[in-house]
Amino acid sequence: MTLKQLEYFLTIAETESITQAAEILHVSQPPLSLQLKALEDEFGVPLFERTKRGLVITQSGRLLAQRAQDIFDLIDQTVNEVRSKAALPRAAIRLGTVNSVSTRLIPPWIYTYNCTYPNVDIQVSEASTTDILFSLDDRKIDLGIVREPFNKSRYNCRLIRDEALSGHDYDCFVALAHPSFYVGFQGDTIPLVELRDFPLLLHRRYISMFTKYCKTCGFIPNITCKNNDVMSLLSWARAGIGIAVLPYSSSLLNMDSTLVRKEIIDPQIPSRIYVVWNRDAKLSAEAERFLDLISVKSDEKSVSL
C-alpha cells in the first residue's frame, strides 16, 4: 500500500466513480482501476460494491477512507511543523465543534484570539457531538464543543459564552415553522403540550430526550421527519413540512424571515453547549487561553427532567 494508492482510493471514495476520479487525478481509467484492485487484493476485502448505478463504498471502505484521511492530515501537520522550525515558533489548537457553533461563534473567536496570539494555528473540524467525543477519547483533538445530552462525568466541562443567549442562563429548545402552524397561538412562547397534534421535524440525537419531555406532558410526539443535520431541518421547515424543534442557537442559522420562532415552555427544555476536554489531559498554555476566551468559569446551574 502506497500513499499514491491511498490518494487514488480517497478520490474514488469521494466521487464513487472511476471516471470522475480519473478526471480529477488526471490519469486514465485502466491504471486507476488496477490500483483499486491492488488495494482490495492487499486487504482481502472489497472496498466498493459494483452496482448498475456505479460504485458504492463498503463498511471496510469507509473505515479505510477515514484512516487514509487521518494519515494525510498527519502528513500535512508534520510538513507544516517541520517548515515552521525555520520560521517563528508556532503552536496549534485542535478544536472539534458542532455545526451550530462553527458557523456563528468560531469566526469571531479565532479573530479575537489571533489578534493577540498570531503564531497559534487553530485547526477546526466539524462533527456531531458523538463523533467529537470519540475524537477526544482518541486524542485527535484538544478541545471539543458539544451540545447536551452527553455524559458529563467523563470530561472536564465548561459552559460556552454565547452573547446571543443573554436572555437565558442556557440555550433552550424552540419551535420554528410557517405562521400557518401557529393559528391561535399568540406571543413568543408555546407550551410543549400544544405541539402534540402537529408534525414535528427533529434531529435524531434529540429524539429520546424530547420524547421523554413529551411523555411527562401526557403525549407521544408525532415526529414525521428525522435527520442528522440542522440545515436540512431548517430547509424542511421552510418547505412547510412541519414544525422544526431545535435549540435556539441552532435556529439562528435560519435565514428565512417568514418562519416564526417560539420558545417551548411548560416545561422549558434546556440545550446547553459546553467546551469539553479529557480529564487526564494537560492542556497547553495556548489551549488554556482559548478556553478562557470562549467559556464561562462559573458553576453551572443544574437542570434536570
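Quick notes on this structure:
- Residue check for residue 80: part of a helix (DSSP H, G or I) and closer than 19 Å to residue 288 by Cα: no
- Across region 56-65, the qualifying residues are those that are open to solvent by less than 30 Å² (accessible area, probe 1.4 Å) and of a type in the set (Gly, Ala, Ser), and the one among them that is nearest to residue 4 (Cα to Cα) is 65.
- Put simply, of 234, 202 the only residue that is of a type in the set (A, V, I, L, M), closer than 21 Å to residue 128 by Cα and surrounded by 22 or more Cβ atoms within 10 Å (Cβ to Cβ) is 202.
- Taken over region 191-230, the criterion of being of a type in the set (Gly, Ala, Ser) and over 20 Å from residue 149 (Cα atoms) is satisfied by 218 alone.
- Taking (1) in contact with a strand residue (DSSP E or B) (Cβ under 9 Å, 6 or more places away or on another chain); (2) open to solvent by 20 Å² or more (accessible area, probe 1.4 Å); (3) under 30 Å from residue 292 (Cα atoms) in turn, residue 188 satisfies each apart from (3).
- Each residue in region 231-242 was checked for being farther than 21 Å from residue 149 by Cβ and touching a residue at least 12 places away in the same chain (Cβ under 8 Å), and 8 pass.
- Scanning region 18-55 for residues that are among the small types (Gly, Ala, Ser) and crowded, with 16+ Cβ neighbours inside 10 Å gives 21, 22.
- Selection from region 206-231 of residues that are aliphatic (A, V, I, L, M), open to solvent by less than 40 Å² (accessible area, probe 1.4 Å) and farther than 14 Å from residue 268 by Cα: 207, 223, 230
- Residue in region 22-34 that is in contact (Cβ under 8 Å) with a residue 60 or more places away in the chain, touching a helix residue (DSSP H, G or I) at 6+ places or on another chain (Cβ under 8 Å) and not small (Gly, Ala, Ser) present: no
- Selection count where residues are within 15 Å of the chain's Cα centre (by Cα), more than 27 Å from residue 290 (Cα to Cα) and not in a loop (DSSP other than H, G, I, E, B), scope region 223-279: 5
- Positions within region 3-17 being surrounded by 13 or more Cβ atoms within 10 Å (Cβ to Cβ) and either closer than 18 Å to residue 71 by Cβ or touching a residue at least 60 places away in the same chain (Cβ under 8 Å) (or both), in sequence order: 5, 6, 7, 8, 9, 10, 11, 12, 13, 14
- Candidate set from region 266-282 (those that are open to solvent by 20 Å² or more (accessible area, probe 1.4 Å) and either acidic (Asp, Glu) or touching a Leu at 6+ places or on another chain (Cβ under 7 Å) (or both)); member that is modelled with the lowest pLDDT: 280
- Count of region 67-91 residues, restricted to those that are open to solvent by 90 Å² or more (accessible area, probe 1.4 Å) and at pLDDT 90 or above, is 1.
The values are calculated or read from the model by the stated rules, or taken from the named source; none is laboratory data. Nothing here was measured: the structure is a model prediction, and the numbers come from that model. Using ideal geometry, Cβ is built from the backbone for each residue, glycine included, and neighbour counts are taken over all protein chains shown. All accessible areas refer to the heavy atoms of the entire protein, side chains included, with ligands and DNA or RNA removed. Shrake-Rupley method; radii C 1.70, N 1.55, O 1.52, S 1.80 Å.
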